[in-house]
1. Of the conditions (1) outside any loop (DSSP other than H, G, I, E, B); (2) assigned by TED's automatic domain parsing to the domain that holds Thr224; (3) within 30 Å of Pro270 (Cβ to Cβ), Thr41 fails just one. Which one is it?
2. Since Tyr150 meets every condition but one in (1) among the hydroxyl-bearing types (Ser, Thr, Tyr); (2) surrounded by 19 or more Cβ atoms within 10 Å (Cβ to Cβ); (3) modelled with pLDDT of 90 or more, which condition does it not meet?
3. Of the residues that sit in region 319-334 and are aliphatic (A, V, I, L, M) and surrounded by fewer than 19 Cβ atoms within 10 Å (Cβ to Cβ), which one is farthest from Lys103 (Cα to Cα)?
4. I'd like the residue in region 230-278 that is at pLDDT 95 or above and of a type in the set (Ser, Thr, Tyr) and, out of all such residues, is nearest to Leu81 (Cα to Cα).
Amino acid sequence: MNIKKFIAAFMSVAISLALLTACSREPKDKDLVKLTVSEVTHSIFYAPMYAAINNGYFEQAGIEIELVNAGGADKVMTALLTGGADIGFAGPEAVIYVAARGKENYPKVFAQLTACDGSFLVGRQPVENFDWQSLKGSTILPGRKGGIPYMTLEYCLNQNGMEVGKDVFFDDSISFNAMTGAFVAGTGDYVTVFEPGATDLELQGKGYILASIGEEGGRVPYTTYFASGEFLDKNSGLIQRFTDAIYKGQQFVANNDATTVAQSIANSFPDTDMAVITQVVQRYKDIGAFSESGIMLKEDFDRLCAILTNAGELNTTVNFEDIVDNSFALKSAQ
């Protein structure tokens, strides 16, 4: 999906998202300020945020969080731009695309939560010693074209000497939330899946984790929080308290073992077995997926831009300082 199509996609779902997220702005506790956060998907990959919610860090900061699962970065941006959310939670490419289009008053990233791709390559058969070259001639379900999961996978394949459309084929006709079901139904040879979906497939004997896309692709600012410049200016104190709560969640995850973290986020995944949550948290810890603070590094941002350029989705220079405001995260980490 090119930048123009990405922007156009915002308005195609704006009305439905507005209806889904329309609700009273009054918090349950009158002493708390309610913030609606549109999340790209619901995954254990975002453990620090759920730890912050379940451990009461937001309440301590005087904030009530309403999470709305948008099911895609483009839909998150739509919600933000149309007033359906106060804060967007998705890959920073959503902000980069809007800025590159030349839109005035585009959102800015103010905190980072994850530091690499959180998806795993899943195949139909177990492979003891996986080799990326074994993917030649296969069809992979990669997610939405223009999305970071798609582009990071393409980057990994390119780094291993393969070209999409020549050596490997992508079927991007299936929406992000429907990919796992389509794979189970027989579509494609491989699929990229976030947790706990990947582990669930293994437990059901319907798929097998072969590789970590994040481990192969390297460190990038994969999932971030962003808001409009106007909202940041008018609510700087509130955003600081929000970022402080996220930082506490990040530190909690960094300083505790997988079992303790799993227990803290279990309420956010009521249909997932505790053993699975623990296994997934450990898997993400092992690949360094969780950022320990909200601070985004310029070198990681530059690698992300290289991935976007490699995929043909970015053909202009985007300055780090124009997209990212680290001031809130820096203050939290002091």
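1. (1)
2. (3)
3. As a first pass, look at region 319-334 and keep what is aliphatic (A, V, I, L, M): 323-324, 329-330, 333.
Among the residues that remain, those that are also surrounded by fewer than 19 Cβ atoms within 10 Å (Cβ to Cβ) are: 330, 333.
On the way: Leu330: 27, Ala333: 31 Å.
Taking the candidates together, the pick is Ala333.
4. Applying the filter and picking the extreme gives Ser236.
The values are calculated or read from the model by the stated rules, or taken from the named source; none is laboratory data. The structure presented is a predicted model; accordingly, all values stated were derived computationally and were not measured. Cβ: placed from backbone, ideal geometry, glycine included. Neighbour counts: every protein chain shown.
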